[in-house]
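Participant: The structure is given below, and queries will be raised subsequently.
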Amino acid sequence: MRCPYCGSLDTQVRDSRPTEDASAIRRRRACPDCGGKFTTFERVQLRQLVVVKRSGRRVPFDRDKLLRSVEVALRKRPVEPARVERMVNGIVRQLESQGETEIASERIGELVMEGLKGLDDVAYVRFASVYRNFREAKDFGTIIGELSRDAETASSGKPEAAERGRAEVAVLPSRPLRGEG
Ligand SMILES: [Zn+2]
């Protein structure tokens with residue numbers, strides 16, 4: 001541990017004991033070069049989240065990676081970066097507060113889909129089509145059904161037209177989307 005006063009790397013531990021609640025180790029250190037004394041704490045790092053992939057492989061949770069996959073889904077969509085940032089922060093907080101260190105990648109995917117549904121329908125369908133891989137035809141129906149239900153409860157306009165527009169988007173996910181330039 002480098003001395004905070006003179007920068008020497010040669011500091012020594014004089015005393016090492018747990019804190020009162022035993023949640024950390026407190027170390028008294030001294031620097032033989034300048035005589036300075038300082039204290040360090042060793043704590044458990046809570047919530048170093050681990051993602052369990054479908055293959056069973058475990059990788060450290062990476063917020064930037066999550067953000068990038070969300071940004072790919074939102075490419076060229078008119079959504080403010082600040083809203084994207086808030087959505088990702090919300091997902092991370094939910095993951096951190098669930099009490100488990102290991103998270104199934106499916107769980108993250110579900111949270112992203114929930115978040116995107118509130119941000120942008122097109123991004124939601126894009127993400128869902130990649131994430132769910134649409135292996136079964138009924139996946140399309142499920143997604144469109146979910147969007148239609150939302151449209152019916154949320155829109156005051158023409159739900160039928162909205163449904164048609166969304167159905168086009170969902171059925172042709174790999175082609176350029178309308179209004180995207
Ligand atoms: Zn020193």
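The values are calculated or read from the model by the stated rules, or taken from the named source; none is laboratory data. Computed from a prediction, not measured in an experiment: that's the story for all the values here. Quick reminder, even Gly has a Cβ in these numbers, built from the backbone with ideal geometry, and neighbours come from all protein chains shown.
Participant: Could you please let me know if MET1 is within 16 Å of the ligand (Cβ to nearest atom) and either modelled with pLDDT under 85 or not β-branched (Val, Ile, Thr) (or both)?
Facilitator: Taking the combined requirement at face value, the residue satisfies it.
Participant: Also, I was wondering about something else. Looking at SER105, SER97, SER55, SER69, which one is loosely packed, with under 10 Cβ neighbours inside 10 Å, small (Gly, Ala, Ser) and within 14 Å of the chain's Cα centre (by Cα)?
Facilitator: SER97
Participant: Let me ask another. For residues that are surrounded by 12 or more Cβ atoms within 10 Å (Cβ to Cβ) and among the aliphatic types (A, V, I, L, M), scanning just the range 73-94, find the one that is farthest from ARG132 (Cα to Cα).
Facilitator: So the residue we want is VAL79.
Participant: Please identify the pairs in which a residue from the range 1-27 that is in contact (Cβ under 8 Å) with a residue 12 or more places away in the chain and more than 11 Å from GLU42 (Cβ to Cβ) has its Cβ atom under 7 Å from the Cβ atom of a residue that is within 14 Å of the ligand (Cβ to nearest atom) and among the hydroxyl-bearing types (Ser, Thr, Tyr), counting only partners at least 6 apart or on another chain.
Facilitator: CYS3/THR11
Participant: Of the residues in the range 6-47, how many are part of a loop (DSSP other than H, G, I, E, B), surrounded by 14 or more Cβ atoms within 10 Å (Cβ to Cβ) and touching a strand residue (DSSP E or B) at 6+ places or on another chain (Cβ under 8 Å)?
Facilitator: The number of residues fulfilling the criteria is 3.
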